[in-house]
1. Any residue that is open to solvent by 50 Å² or more (accessible area, probe 1.4 Å), over 19 Å from the mean Cα position of the chain (by Cα) and not acidic (Asp, Glu) - is there at least one of those in segment 110-132?
2. One residue is enough: does segment 181-200 have a residue meeting the conditions buried (at least 16 other Cβ atoms within 10 Å of the Cβ) and under 18 Å from the mean Cα position of the chain (by Cα)?
3. Given the criterion out of contact with any strand residue (DSSP E or B) (no Cβ under 9 Å at 6 or more places or on another chain) and of a type in the set (D, E, K, R), identify the matching residue among Lys130, Lys124.
4. Of the residues Lys73, Lys85, Lys101, Lys155, which single one is touching a Pro at 6+ places or on another chain (Cβ under 7 Å) and open to solvent by 80 Å² or more (accessible area, probe 1.4 Å)?
5. Among the listed residues Lys222, Lys196, which satisfies the condition of being closer than 30 Å to Asn83 by Cβ and basic (Lys, Arg)?
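The values are calculated or read from the model by the stated rules, or taken from the named source; none is laboratory data. Quick caveat, the model's predicted, so the values are computed rather than measured. Here the Cβ is made from the backbone with ideal geometry for all residues, glycine too, and neighbour counts use every protein chain on show. Accessible surface is based on the protein model in full, side chains and every heavy atom, while ligands, DNA and RNA are left aside. Shrake-Rupley method; radii C 1.70, N 1.55, O 1.52, S 1.80 Å.
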Amino acid sequence: MEKEYSVRRVKLEGDVKNLQDSLIVQKREYEKLEEVKDREELKRKENERKLERLESQVTTYPDEWGAFPNEVKEEEPHIVLLNNKTKEYKQVKTDFQKDAKNTEILEIRRVQNRFLYTQYATMKKQIERKNPQLENNERVLYHGTRSEVIDAITKIGFNRSYANTGVGADYGKGCYFAVNAKLPLAQHCVKDSDNKQWMFQVRVLVGEYTEGEKDLLVPPLKQGSDSERYDSIATNVTNPAYFVTFLDFTAYPEYIIVFKQK
């Protein structure tokens with residue numbers, strides 16, 4: 001009986017050894033499989049990063065844009081006078097006169113600047129990645145100005161160096177954009193010698209904003225953060241009249257509206 005017990009014990013020990021060897025083999029196979037999965041995941045993430053880099057290098061221009069004359073360089077604007085019969089013209093006019101009543105629109109010009117728009121589109125992607133919780137980081141706003149600075153804005157965009165020469169700096173020393181076309185009419189649209197006035201319809205990346213204060217040079221830090229700032233500021237968070245931006249290429253001058261007040 002003792003011999004039989006001994007045989008069974010040896011057999012059991014053998015079975016245990018075989019099971020242990022099998023488990024070791026399975027563990028190694030599992031570890032190899034996990035290594036493969038890790039490599040595949042790393043490769044997938046790297047491909048995603050490559051795709052993001054490629055996408056960031058490719059800019060899709062607005063559908064409304066027409067062809068550029070051969071003589072217009074990449075960094076130069078191409079200004080297109082809109083036909084007043086087109087849907088594009090009528091939409092810009094309707095949006096403008098919704099609040100800027102008693103005005104006569106003389107012409108609307110589309111600004112096609114590949115360099116400026118590419119920089120703006122890149123900034124838009126960055127702000128959208130920063131604020132995934134927001135449905136829309138972009139707004140269509142208005143910027144009144146003088147005829148003599150129109151060309152400069154279409155070439156280089158909005159310059160913060162002149163921030164305190166127009167509307168002032170009551171909400172910060174940035175670039176000011178109005179939520180409707182009525183607001184800039186009286187103070188910021190300076191009449192030229194023919195009594196014509198000028199205003200830009202602008203695409204602006206307001207992102208996540210807060211209320212500003214006098215003489216700010218950058219947006220305030222977000223509450224609880226020592227490094228992350230708001231994207232822009234507003235005259236009032238609940239019902240803003242103006243937005244103020246501080247970073248380059250956060251606004252694109254989409255249309256020039258030339259008009260007279262009746």
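1. Scanning segment 110-132, I find no residue that is open to solvent by 50 Å² or more (accessible area, probe 1.4 Å), over 19 Å from the mean Cα position of the chain (by Cα) and not acidic (Asp, Glu), so the answer is no.
2. Scanning segment 181-200 turns up no residue that is buried (at least 16 other Cβ atoms within 10 Å of the Cβ) and under 18 Å from the mean Cα position of the chain (by Cα).
3. The match here is Lys130.
4. Lys155
5. Lys196
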